[in-house]
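Engineer: Before I ask anything, let me first share the structure, which is written out below as structure tokens.
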Amino acid sequence: MSPRKRHWLMKSEPGDFSIDDLQRVGSEPWTGVRNYQARNFMRQMQVGDGVLFYHSNCAVPGIYGLAEVASAAYPDPTQFERKSRYFDPRASREQPRWDLVDVRFVRHLARPLPLEEIRTHADALGEDFALIRKGTRLSVLPVTAAQWKLLLSLE
DNA sequence: GCCAACGTTGGC
DNA sequence: GCCAACGTTGGC
């Protein structure tokens, strides 16, 4: 029996890869995570886990869509590709350093949920919500069932 | 473009 | 193991 479904938030710069891009391709390997904490969260992911798709570094940062985890974690191939911006000379195929999961499009939100608005619910979301915790810049972070429910009630 | 906050690297 | 320097993230 697999553990019950969990929830995550994953950030992407829309100029790089947006929710519209994900809709177009259907499913995408989440390449380029080079932070150990974020990598470790991806290692915990199970197929079917829910994902809030967040746009960062853009005019209106916020949650724009829903996705789901479509694979277990496996080595990020870009770490081995010398020409990739994500190449890591310390990684080898025998000893990969970075993992990723495939992420599958589910739907756009009925309306985007701006970070500015999410902040107004900080009390209800709680101090453990890494998205709005001061100084946290994780690109992959866990979301509790309660936080997930609250956020989706706002769309 | 600025810059605060944080993670990583590498000299010692 | 310390910590200064550097690079990155990401809101504004």
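Engineer: Taking the stated definitions as given, is A:Leu22 surrounded by 20 or more Cβ atoms within 10 Å (Cβ to Cβ) and either of a type in the set (Val, Ile, Thr) or part of a helix (DSSP H, G or I) (or both)?
Structural biologist: yes
Engineer: Still on this structure: Any residue in the stretch A:22-35 that is on the phi > 0 side of the Ramachandran plot sitting within a Cβ distance under 6 Å of a residue that is among the hydroxyl-bearing types (Ser, Thr, Tyr) and outside any strand (DSSP E or B)? List the pairs, counting only those 6 or more apart or interchain.
Structural biologist: Once the first residue is on the phi > 0 side of the Ramachandran plot and sits in the stretch A:22-35, its partners that are among the hydroxyl-bearing types (Ser, Thr, Tyr) and outside any strand (DSSP E or B) give A:Gly32/A:Tyr86.
Engineer: From (1) farther than 16 Å from A:Trp98 by Cα; (2) surrounded by 17 or more Cβ atoms within 10 Å (Cβ to Cβ); (3) β-branched (Val, Ile, Thr), pick out the condition that doesn't hold for A:Val33.
Structural biologist: Status for A:Val33: all satisfied but (1).
Engineer: Test of understanding: among A:Ile63, A:Ile132, which residue is surrounded by fewer than 16 Cβ atoms within 10 Å (Cβ to Cβ) and within 18 Å of the chain's Cα centre (by Cα)?
Structural biologist: Going through A:Ile63, A:Ile132 in turn, just one is surrounded by fewer than 16 Cβ atoms within 10 Å (Cβ to Cβ) and within 18 Å of the chain's Cα centre (by Cα): A:Ile132.
Engineer: Okay, next question. Taking the stretch A:115-129 as the region of interest, how many residues are crowded, with 16+ Cβ neighbours inside 10 Å and either more than 16 Å from DNA strand B (Cβ to nearest atom) or polar (S, T, N, Q) (or both)?
Structural biologist: The number of residues fulfilling the criteria is 3.
Engineer: Considering only residues that are within 21 Å of A:Gly48 (Cα to Cα) and of a type in the set (A, V, I, L, M), which ones fall in the stretch A:82-109?
Structural biologist: A:Leu100, A:Val101, A:Val103, A:Val106, A:Leu109
Engineer: Give me the helices (runs of 4 or more DSSP H) completely within the stretch A:45-155, filtered to those with at least 1 residues that are within 20 Å of A:Glu13 (Cβ to Cβ) and in contact with a Pro (Cβ under 7 Å, 6 or more places away or on another chain), ordered by residue number.
Structural biologist: Here the list reads A:115-119.
Engineer: Let me ask something else. Can you find even one residue in the stretch A:72-82 that is surrounded by 20 or more Cβ atoms within 10 Å (Cβ to Cβ) and acidic (Asp, Glu)?
Structural biologist: Looking through the stretch A:72-82, at least one residue is surrounded by 20 or more Cβ atoms within 10 Å (Cβ to Cβ) and acidic (Asp, Glu).
Engineer: Look through the stretch A:85-103, keep the residues that are free of Cβ contacts under 8 Å to residues at least 12 places away in the same chain and within 16 Å of DNA strand C (Cβ to nearest atom), and return whichever of them is least open to solvent (accessible area, probe 1.4 Å).
Structural biologist: Looking at the filtered set, the residue picked out is A:Phe87.
Engineer: So which residues in the stretch A:1-44 are under 11 Å from the mean Cα position of the chain (by Cα) and closer than 10 Å to A:Val140 by Cβ?
Structural biologist: A:Trp8, A:Leu9, A:Met10, A:Lys11, A:Trp30, A:Val33, A:Ala38, A:Arg39, A:Phe41, A:Met42
The values are calculated or read from the model by the stated rules, or taken from the named source; none is laboratory data. Computed from a predicted model, the values in this text were never measured in an experiment. Heads up, the Cβs are rebuilt from the backbone with ideal geometry, glycines too, and the neighbour counts pull from every protein chain shown. Side chains are part of the model used for accessible areas, which takes the heavy atoms of the whole protein and leaves out ligands, DNA and RNA. Shrake-Rupley method; radii C 1.70, N 1.55, O 1.52, S 1.80 Å.
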